[in-house]
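Undergrad: Take a look at the following structure, please.
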Amino acid sequence: QVQFAESGGGLVQPGGSLRLSCDASVSIFIIIVIGWYRQAPGKERELVATITRVGSTNYADSVKGRFTISRDNARNTVYLQMDNLKPEDTAVYYCNADDIYSDYGEEGPYWGQGTQVTVSS
């Protein structure tokens, strides 16, 4: 079963920092693109950042310069370092990839529970 488990969320003040972790149940080395998503209350889920198997990254304009995505293939873990957090960053954060499920004969992507990030003073 392909699963992504997010952790590291919490309550933080504006301007603060937080690091999210995503533990994959399968090897992420073979995943071409893996990304972090977020969904704020009343809004659609949006793509925040992506990273390829060779380390190339891409960010949404709203987080560029503040967020950093990285991966540790040996640990099957993807990280999202969030700095200078703003209230508008408040959302449930998820990690996922859409190019791995078929390799394991599964339909997807499937979304886990995510991790809540709340930025408030």
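Undergrad: Scale the Cα Rg of region 73-121 by the rule-of-thumb value 2.2 N^0.38 Å and send over the ratio, two decimals.
TA: Compared with the compact-globule rule of thumb, region 73-121 sits at 1.49.
Undergrad: Once label points are set 7 Å from the Cα along Cα→Cβ at both VAL33 and ALA5, what is their separation, rounded to one decimal in nm?
TA: My value for the distance between the label points is 2.8 nm.
Undergrad: Whenever you get a sec, compute what percent of the accessible area on region 24-121 sits on carbon and sulfur atoms (1.4 Å probe).
TA: With neighbouring chains kept in place, the figure for region 24-121 is 45 percent.
Undergrad: Given a 1.4 Å probe, how much area per residue of region 4-121 is accessible, in Å²?
TA: Solvent-accessible surface per residue comes out at 53 Å².
Undergrad: Please work out, to two decimal places, the log10 of the ratio I(q)/I(0) at q = 0.15, 0.21, 0.27, 0.32 Å⁻¹ from a Debye calculation in which every Cα of region 1-41 carries one identical scatterer.
TA: With no solvent term, the Cα-only Debye profile gives -0.50, -0.83, -1.10, -1.27.
Undergrad: For ASP72 and THR118, compute 0.36 nm times the residue count separating them, minus their Cα-Cα distance, and round to one decimal in nm.
TA: Gain in length upon complete extension: 14.0 nm.
Undergrad: Continuing with the same structure: When the Cα centres of region 8-64 and region 66-86 are compared, how far apart do they sit, in Å?
TA: Using only Cα atoms to place each centre, the spacing works out to 7 Å.
Undergrad: Could you put ASP99, ASP89, ASP61 in order of accessible surface area, largest first, with the 1.4 Å probe and the full protein assembly present?
TA: ASP61, ASP99, ASP89
Undergrad: Suppose every Lys and Arg Cβ carries +1 and every Asp and Glu Cβ carries -1, with no other charges. What dipole size does the chain come out with about its Cα centre, to the nearest 20 debye?
TA: Roughly 420 debye for the chain.
The values are calculated or read from the model by the stated rules, or taken from the named source; none is laboratory data. This one's a predicted model, so the numbers in the text were calculated from it and none came from an experiment. Please note: Cβ atoms are built from the backbone with ideal geometry, for glycine as well, and neighbour counts cover all protein chains shown. Just the protein is used for accessible areas: all its heavy atoms, side chains included, with ligands, DNA and RNA removed. Shrake-Rupley method; radii C 1.70, N 1.55, O 1.52, S 1.80 Å.
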